[in-house]
Amino acid sequence: MGRGIVHPVDAMHTQPWNEDLLDYLAVRFAEDGYDLRKFIRLVMTSEAYQSRTVILKTEVVGYYGDAGRLANRMTAEQLLDSIWQITGGNPGKPTGKVDRAVEGSMPERPVRAALVKSDFLMRSLGRPHRDQVVTSRPGELTTLQAIDLSNGEILAKHLNVGAKHLVKQKKSSGELIDWLYQFALSREPTEGERTVLAEIAGDGRNPVAVEDLLWTVFMQPEFQIIR
């Protein structure tokens, strides 16, 4: 929802903004056998979670109401996971030993950013050191983040790998733009967006042009902000 019922979540002595809701969720969670999947399904199918995002101009103190979730930027791991999911550029193996036995007979899944070693891009985007206990991360864009997202070598490498992967699919420029918008933004591009992006993508066969296309879409607030 973008904000805990008790906020910050590591200050449980703080009065929750809705004590009845917190008690209800606690009882429901226990009655469901502490099943996290059932709990997540309960939250995500609620009217509150599916309602329109609240845009706040100032920091909220205490009660903020139940009109909907708060808009916030994706974490470093979420951003990289999203980029890798779209471009097919996930790392081949996680860093260190990861026990996948708990997944049972589930098929092998792409490696997530949380399971790979933190690099300079992730750290600049706010990923904390693994030995630090962090319950909240700064939401403001810093100069270092802007530089890394504009011309950083690590992001450029991810886009290069993704562009080469997409070019191999031999989609036309229009097909690539429509697919990218549906996959990244869950909507069709407008006619104005399609015109601008068609000039960037060219014929859809040049990896450099496709890199520029990917960067243009990934840098949009619509992609980076969770609503």
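Distance between the pseudo-spin-label points of Lys117 and Lys170 (7 Å out from Cα toward the beta carbon): 3.9 nm. Just to verify a number: FRET efficiency for Ile5 and Gln182, C-beta to C-beta distance, R0 = 22 Å, to 0.05? My answer for the efficiency is 0.05. Taking label points 7 Å from Cα along the Cα-to-Cβ direction, Thr142 and Glu47 give a separation of 4.2 nm.
Taking amide H as placed 1.01 Å from N in the peptide plane, the amide H of Ile226 sits under 5 Å from that of Asn72, Arg73, Met74, each at least 5 places away or on another chain.
Farthest toward the positive end of the dipole of the stretch 158-227, out of Val167, Ile226, Thr190, is the Cα of Val167, where the dipole comes from beta carbon charges about the Cα centre. If R0 is 41 Å, the Cβ-Cβ spacing of Met219 and Val133 corresponds to a FRET efficiency of close to 0.85.
Quick note: the coordinates plus some simple rules give every number you see, no bench work behind them. Just so it is clear, the structure is predicted and the values come from calculations on it, not from any experiment. Cβ sites come from the backbone with ideal geometry, for glycine too, and all protein chains shown count toward neighbours.
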